[in-house]
Amino acid sequence: MRLSKKVTMLSIAALMGIAPLMSVSANAHIVQAADGSVRKTVMHNSIAYDKDGSKTGRKYYTYGSIYVDPTPVTINGSQYYKISGKDQYVKVTNIDGVKRKVTHNAYIYRTSTQRTPYGMTASSKKWKLYKGETVTTYGGYYTFKNGKHYFKVGGPRKQYVRTYNLGPVIGTNTSNSTSTSSKSTTNNTPSSTNSEEAIATVAVARYYRKTAPIVTFNSNGKAQIVKSVPDGTKLTVDRLERGARADKVADLIGAFNGDQTIYHIKGTDNWIYSIYVKVNKKLTAHDYDEAK
């Protein structure tokens, strides 16, 4: 009986020792470390930058774990997590992702030709996202072999949705408490674009123009002009974007200013080139590029 009691007590002690490990593994995406850093899962291949926004040559790959300082910093208008103990920073959008509305019913793809279910449990799996739903996307879009663009929406399996079926960013999954690096601007990125809005007034007379083109992107991601609006027109905009799409607009219009950006017109799928408007307040520029 004494031996039996000893075995029982040892078993209980062993289970108590294992319990903390079980609680950590249940939340593998974000784990608090003893030194105050947090362990996060990389959801999109991420280039590491230094405090000045220059590439370091280091790259962190999808589904790898990294330890970062919990408070994001802002470098040149974009949010980054600092790799703990290193002069390396990775974009928070590659880690936490951003929220978007589904604008058209959309299948989830594994490759350009193979569909896959979305969700990790039997009860949550589904093959299609429906208009009006909110989904988290990670990082910039990928270009598949068919030439179309897709956002990563889950993991660890390959799960992608065509960019055409998703709207602009409507919120973030990152804490709004930020600091700034030595050469960065103060972060004003809100958690939702409800507060990230501005009034843009078309101001093209200075370019000896009477109207400004309004642009959208077709199902193949190609920029095309849908209409023109006269000088003085006021538009509500809810996103300032730079990167691949802004470059396409600049190329379409034939006007380059060295830092191409576009404004999203609220409640539409349309955009306007930033050089053609004046806004009543500054919006944070978001990156929209291929894998960064």
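The values are calculated or read from the model by the stated rules, or taken from the named source; none is laboratory data. Bear in mind the structure is a predicted one, so any value in this text is a computation, not a measurement. Positions of Cβ are generated from backbone atoms using ideal geometry, with glycine treated the same way; all protein chains shown enter the neighbour counts.
Tally up the residues in region 39-96 that are part of a strand (DSSP E or B), among the hydroxyl-bearing types (Ser, Thr, Tyr) and out of contact with any Ser or Thr (no Cβ under 9 Å at 6 or more places or on another chain), please.
Number of matching residues: 1.
Quick check on my filter: what residues within region 103-114 are crowded, with 19+ Cβ neighbours inside 10 Å, outside any loop (DSSP other than H, G, I, E, B) and not small (Gly, Ala, Ser)?
TYR109
Here are some residues: TYR130, TYR142, TYR81, TYR118. Which one is among the aromatic types (Phe, Trp, Tyr), surrounded by fewer than 20 Cβ atoms within 10 Å (Cβ to Cβ) and more than 22 Å from LYS248 (Cβ to Cβ)?
Checking each option against the conditions leaves just TYR130.
Among (1) in contact with a Leu (Cβ under 9 Å, 6 or more places away or on another chain); (2) at pLDDT below 90, there is one condition THR180 misses while meeting the rest; what is its number?
(1)
Can you work out which of the residues in region 122-149 that are within 13 Å of the chain's Cα centre (by Cα) and modelled with pLDDT of 90 or more is farthest from THR62 (Cα to Cα)?
In this case the residue turns out to be VAL135.
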